[in-house]
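**Q** The structure's right below; bear with me while I get my questions together.
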Amino acid sequence: MSATTTNVTLRSVPNSTPIEEILAIVADDGGVIIKQFLTPDQVSRFNAEVEPAMQALSPGTKNDMEGIADFHGTNTKRLTNLVTLSKTFREEIVDHELVKPLADAIFNEESGSYWMTTAQVIEIGPGNKAQPLHRDLENNYPFVGMGPAGPMVMINFLIALTDFTEENGATRVIPGSNHWPDYEDRGTPEMTIPAEMQAGDVLFINGKVSHGGGANRTTDCYRRGVAFALQPGFLTPEEAYPFIVDRELARSLPEHVQRLLGFRSQYPTGSPGLWQVDYTELADYLKF
């Protein structure tokens, strides 16, 4: 039997909310909606920049591992390498004024460093079934067994690029499931709450909360968002950015963004350095 959660709402706060208050809500509930994370102009520009690549994509997945088709969605498009494809993403979203202080507060004391594991536009099309419930830390399976006592190994900014409604597949969350003792227990769909948002809002969650994309029950509405996730520097990211992002483009970005993308070495707590060349800083080798 699934654990029961005492939280029955998904809280939302304005974008001016102090970092400490946002973190307190996420520690309690596993996630919070931050209103107007992006401006309408940023949403419009980002959508325009990725639209050609989205049009060229086919829905579904090329990955034939068991369970991946259901997870990725049969009528869902997923666009990666956003750093290359979107100027707005690499200059304004990755470097958003809330991202670094939130990530610093969550990762720096315990893990010492962090980088971006993936950023992908996810567009759920009409008729797509609900995504299986999951916790983002399941990317690194040993942490499932640690349960709520384990370290924080993922945070995710799920940004609405269109309005999210219950009918068109808004992400569904089980607030409080981050406190369940058994992380093999993902809960049931009946326990979830839809994260209904306007375009530009963000659902900010930690890797311990159970959630999943909702079913799109419409006939003509596409729910588009971007999942932008960070993890400690001692874990392997989903996207190998140094192999797909042009080096000259990376040189134009701020130092902390270069580190997020893997163009600089990682310095987790207790380590003299990882992701190095001859035990020296990667950026020196790259002449950044």
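The values are calculated or read from the model by the stated rules, or taken from the named source; none is laboratory data. Treat the numbers as computed from the prediction; the structure is a model and nothing was measured. All Cβ positions, even for glycine, are placed from backbone atoms using ideal geometry, and neighbour counts span all protein chains on display.
**Q** Any residue at all in the range 74-85 that is at pLDDT below 95, among the charged types (D, E, K, R) and closer than 18 Å to GLY212 by Cα?
**A** no
Table: residues versus (1) closer than 25 Å to ALA130 by Cβ; (2) touching a strand residue (DSSP E or B) at 6+ places or on another chain (Cβ under 7 Å); (3) at pLDDT below 95; (4) assigned to a helix (DSSP H, G or I).
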position: THR5; (1), (2), (3), (4): yes, no, yes, no
position: VAL26; (1), (2), (3), (4): yes, yes, no, yes
position: LEU38; (1), (2), (3), (4): no, yes, no, no
position: GLN55; (1), (2), (3), (4): no, no, no, yes
position: MET65; (1), (2), (3), (4): yes, no, yes, no
position: PHE71; (1), (2), (3), (4): yes, no, yes, yes
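**Q** Show the residue pairs meeting these rules: Cβ distance below 7 Å; 6+ apart or different chains; first residue within the range 126-151 and more than 27 Å from GLY60 (Cβ to Cβ) and touching a residue at least 60 places away in the same chain (Cβ under 8 Å); second residue of a type in the set (Asp, Glu) and not in a helix (DSSP H, G or I).
**A** So the pair list comes out as PRO151/GLU110.
**Q** Quick test of your reading of the structure: LEU230 fulfils all but one of (1) in contact with a helix residue (DSSP H, G or I) (Cβ under 9 Å, 6 or more places away or on another chain); (2) part of a loop (DSSP other than H, G, I, E, B). Name the failing condition by number.
**A** Here LEU230 meets the rest and fails (2).
**Q** Can you give me the number of residues within the range 236-275 that are surrounded by fewer than 17 Cβ atoms within 10 Å (Cβ to Cβ) and assigned to a loop (DSSP other than H, G, I, E, B)?
**A** Count: 11.
**Q** For residues in the range 115-150 being of a type in the set (Asp, Glu) and outside any strand (DSSP E or B), which is farthest from PHE164 (Cα to Cα)?
**A** GLU138
**Q** Among the residues of the range 174-213, which ones are touching an Asp or Glu at 6+ places or on another chain (Cβ under 7 Å) and more than 20 Å from GLN36 (Cα to Cα)?
**A** PRO175, GLY176, GLY207, listed by residue number.
**Q** Here's a follow-up. Which residue pairs have Cβ atoms under 9 Å apart, sit 6 or more places apart or on different chains, and have a first residue in the range 238-249 that is over 10 Å from THR118 (Cβ atoms) and a second that is among the hydrophobic types (A, V, I, L, M, F, W, C) and assigned to a loop (DSSP other than H, G, I, E, B)?
**A** Listed by first residue and then by second, the contacts come to PRO242/LEU261; PRO242/PHE263; VAL245/LEU261; VAL245/PHE263; ARG247/PHE263; ARG247/PHE288.
**Q** Regarding the range 92-109, can at least one residue be identified that is outside any loop (DSSP other than H, G, I, E, B) and free of Cβ contacts under 8 Å to residues at least 24 places away in the same chain?
**A** Yes, the range 92-109 has at least one match.
**Q** Could you say which residue among GLY225, GLY169 is buried (at least 18 other Cβ atoms within 10 Å of the Cβ) and either modelled with pLDDT under 95 or on the phi > 0 side of the Ramachandran plot (or both)?
**A** GLY169
**Q** While we're looking at this one, here's another question. What are the pairs, 6+ residues apart or on separate chains, where a residue within the range 9-27 that is of a type in the set (Phe, Trp, Tyr) has its Cβ under 8 Å from a residue that is crowded, with 17+ Cβ neighbours inside 10 Å and at pLDDT below 95?
**A** Note: no pairs meet the criteria.
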